[in-house]
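One structure is given here, and the rest of the page talks about it.
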Amino acid sequence: MPLQNRATPLGELVADPARGLVYGNRGCLHDADGRIRRRFAGKRWIACRLAFRGWHREPLLQPGRFTELFFLDEATALAAGHRPCALCRREDYDRLGAMWSELHRGRAGADAIDAQLHAERVDPETRAHRLHPTPIDDLPDGAFVLHDGAPHLVLDSALLRWSPSGYTEAARRPGRQGALAITPPSLVELLRRHREPLVPLLHPTARDLRPDRR
């Protein structure tokens, strides 16, 4: 039976056999029996490489240890509010830090980054994932929006519907309209920068649905 540790763009945890291309955690979310009991434990939400230095831990969801999470791709992890890990993705983290010093002057370092991201990803009233009204034309490729009640990836002139195993269908990206952005604003800014992350930004199914490939 699949574990409930596959993360959606909205930060929800679901049980699905699809593993995804990015690994991460946000603290210990499960009890001694491996059942998910909370959405997060702390403000340090990170996204990691699947393999690093040959480290391996089994079984998953050990009592008292952090909950191992899996994301379809980095775009999904960013939408959920996870930032690059400073250990296994040091280059990606340093790029985030350089951008952060420009975007949020005087608030440098992992603690400051995590505090700001926590405010951007958690609704202060409902404690659910926070959505951000924004013009859809302003969003870069890799950002997520809520479209027809479901998370969709922004890619060129299309919106791609997300699923745990990949992107399943494309809709035309509407122009000159408002949207509810799922990806936190600071991580939207990261997506505007040209970079080649150490983990896959997009799942291969996104390329198959690109408007220029259809």
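The values are calculated or read from the model by the stated rules, or taken from the named source; none is laboratory data. Keep in mind that what you see is a predicted model, and the values were worked out from it rather than measured. Don't worry about glycine lacking a Cβ; one is built from the backbone with ideal geometry, like all the others, and counts go over all protein chains shown. Ligands, DNA and RNA are excluded from the accessible area calculation, which covers all protein heavy atoms including side chains. Shrake-Rupley method; radii C 1.70, N 1.55, O 1.52, S 1.80 Å.
Brief remarks follow.
- The chain, accessible surface, carbon-and-sulfur percent (1.4 angstrom probe): 49
- Remark: spin-label model distance ARG176-ALA110 equals 4.7 nm, labels positioned 7 Å along the Cα→Cβ axis.
- Based on protein heavy atoms only, the chain ends up with 49 Å² per residue of surface accessible to a 1.4 Å probe.
- Scalar couplings 3J(HN,Hα) for the range 160-175, obtained by applying the Karplus form with A = 6.51, B = -1.76, C = 1.60 to θ = phi - 60°, are 9, 6, 8, 9, x, 9, x, 7, 10, 7, 10, 10, 5, 6, x, x Hz; x denotes Gly and Pro.
- Overall form of the range 123-207 per C-alpha gyration tensor (a/c, 1.5; a/b vs b/c): rounded
- In the chain, helical runs assigned H by DSSP with n ≥ 4 each contribute -39500 (n - 2.57); averaged across all residues and rounded to the nearest 500, the mean residue ellipticity at 222 nm is -6500 deg cm²/dmol.
- Summarising the label geometry, the points placed 7 Å from Cα in the beta-carbon direction at ALA41 and HIS56 lie 2.5 nm from one another.
- D (Stokes-Einstein, µm²/s), Kirkwood Cα radius, the range 65-184, 1.567 mPa s at 4 °C: 83
- Prolate/oblate/rounded label for the range 30-126 (Cα gyration tensor, a/c 1.5): oblate
- R0 of 35 Å, Cβ-Cβ distance SER157-ASP33: FRET efficiency to nearest 0.05: 0.15
- Under a 5 Å amide H cut-off, with hydrogens placed 1.01 Å from N, ALA179 pairs with THR134, ILE136 among residues at least 5 apart or on other chains.
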